[in-house]
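What follows is a single structure, written as structure tokens, with notes after it.
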């Protein structure tokens with residue numbers, strides 16, 4: 001382990017002090033790890049938010065116009081179905097793009113910290 005990740009030196013004879021130092025170290029490391037993983041996912045979250053916002057705006061702005069245009073050639077029920085299918089396909093494509101961007105990142109859980117705690121605990125035995 002690197003020097004910055006090791007728990008602070010405490011009295012070897014005081015188990016309470018050792019546990020407090022270990023808990024402090026684990027909490028700090030877990031918090032750092034979760035924040036760093038969350039920062040890496042931020043572009044994917046932004047893309048999903050933009051896709052959702054644009055999808056809602058586009059749907060609200062053009063749904064009625066498209067249905068009116070489609071109603072000139074199709075019955076109203078079929079026109080609404082076609083418009084819904086087109087908008088649903090666009091939303092699905094945006095969701096797939098966000099999913100691909102999201103998939104490349106590790107889970108936002110403190111897995112490295114849990115591994116270090118396990119090493120520390122097994123080294124003590």
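Things to note:
- Full-extension gain in nm, residue 122 to residue 19, via 0.36 nm per residue minus C-alpha separation: 35.6 nm
- Rg to Rh, two decimals, where segment 15-124 supplies the alpha carbon set and Rh follows Kirkwood: 1.37
Each reported figure results from applying straightforward, stated rules to the coordinates on display, with no laboratory input. Bear in mind the structure is a predicted one, so any value in this text is a computation, not a measurement.
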